[in-house]
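J.: So that we are looking at the same thing, I have put the structure below in structure tokens.
The values are calculated or read from the model by the stated rules, or taken from the named source; none is laboratory data. From a predicted model like this one, the values you see are computed outputs, not experimental measurements. Virtual Cβ from ideal backbone geometry, glycine too; neighbours counted across all protein chains shown. To get the accessible areas, we keep the full protein, side chains included, count just its heavy atoms, and leave off ligands, DNA and RNA. Shrake-Rupley method; radii C 1.70, N 1.55, O 1.52, S 1.80 Å.
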Amino acid sequence: MILVTGGTGFIGSHTCVQLIKAGYDVLVIDDLSNSHEDVVNRIKLITGKKIEFIKGNVCDYNLLTDVFRKYKIDSVIHFAGYKAVGESVNKPLIYYKNNIDSTLNLLTVMRNFNVTSFIFSSSATVYAPTGKVPFSELSELGKCSNPYGWTKYMNEEIIQSYCNSNSDFSAVLLRYFNPVGAHESGYLGEDPQGIPNNLMPLICRVSLNIINELTVFGNDYDTEDGTCIRDYIHVMDLANAHILALKYVNGHKGCKAFNIGTGKGTSVLEMIKTFEDVNKLKINYKIGKRRAGDVAKLYADCTKAKKELSFTPVYTLSDMCLHSYNYMKLNYMKGV
Ligand code: WQD
């Protein structure tokens, strides 16, 4: 059985679908702080299988111990954590406590039950923003621009230290670049609670007139059209990367990090234009000031994941825009 913490969240839920399709039994623990329990039903609608779901926070040591006592857990995929960059600047103590305690708890309980296979949801935000593109796994780490990024960096250090002290333990750190898109069924997608920070959910809200206008944060960067470049990856490609990582982690010992991106950079204006073209609509936007902490270019060198995980993304930028809009239309229009 695979324990998926944060499994009703954006990336977690899509990964649960692919785990079930790959023949795994899935147990989800999630406190629903940034997702909805209805996602469990939607995973069943897509796969025909009901997953085991426990509402709870991974920081709850006793709950976690009970879970490991009750279920035969073979591997853990750890998504659970707060992830809003802006919020982390305003609420650093909550971010450090939740995102670090959860990992420490999980590793402790895994040790108590001799579970030695672990995949961690990390992020490109662990790379020093001053680094050169494309970022490889050997690029400089740290100098994170926000507490959220530091929690990912610190968690990686904790997991690496634990692997160094325990030769039986095997961990994979997946450093996501910019996850976007949705399951093509429209049952699952990115639907953060409150006002989103990220570009794609905001473009989707503008497309449905939920918000009136998108602000492009600066067009005076050192890029072709002056707007920031990022490496957007479809959430289904990202989910599939976890299936490959699960196979890898059960065949190797130690701690390995992999970039999960497409290796292709896309500017904000290119994303807007692609969204408009594939969905045949106009996105209302204006050019505003730069956002603090943004870097001009951030995209991946993914050769290591391709070579060692046999990971190759298949979804295009058009798929990302089409599936994101499809999800929003099917859910927001119905006021879900
Ligand atoms: C993308 C681009 C903005 C909103 C963050 C986290 C990272 C990861 C992905 C979890 C930037 C521009 C955005 C808007 C805009 N999350 N933008 N107007 O900042 O690259 O990365 O999400 O791991 O850790 O840091 O993503 O979607 O916020 O921004 O112009 O209203 O869109 O300036 O260039 P980001 P984003």
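J.: Among 15, 8, which is the only one that is without any contact (Cβ under 8 Å) to a residue 60 or more places away in the chain, under 16 Å from the mean Cα position of the chain (by Cα) and surrounded by 20 or more Cβ atoms within 10 Å (Cβ to Cβ)?
T.: The match here is 8.
J.: Continuing with the same structure: So which residues in the stretch 283-299 are of a type in the set (A, V, I, L, M) and either near the ligand (Cβ under 8 Å from one of its atoms) or at pLDDT below 95 (or both)?
T.: 292, 295, 298
J.: Look through 117, 161, 170, 139 and report the one residue that is open to solvent by 40 Å² or more (accessible area, probe 1.4 Å) and either more than 18 Å from residue 57 (Cα to Cα) or away from the ligand (no atom under 11 Å from the Cβ) (or both).
T.: Within the list 117, 161, 170, 139, the selection yields 161.
J.: Output the qualifying pairs, or none if there are none: Cβ atoms under 9 angstrom, residues six or more apart or on different chains, first residue in the stretch 125-141 and more than 11 Å from residue 299 (Cα to Cα), second residue open to solvent by 60 Å² or more (accessible area, probe 1.4 Å) and assigned to a strand (DSSP E or B).
T.: 137/256
J.: So which helices (runs of 4 or more DSSP H) are wholly in the stretch 245-336 and hold at least 1 residues that are open to solvent by 60 Å² or more (accessible area, probe 1.4 Å) and within 23 Å of residue 11 (Cα to Cα)?
T.: 303-309, 317-332
J.: Could you say whether any residue in the stretch 60-74 is under 20 Å from the mean Cα position of the chain (by Cα) and open to solvent by less than 60 Å² (accessible area, probe 1.4 Å)?
T.: No; the residues of the stretch 60-74 include none that is under 20 Å from the mean Cα position of the chain (by Cα) and open to solvent by less than 60 Å² (accessible area, probe 1.4 Å).
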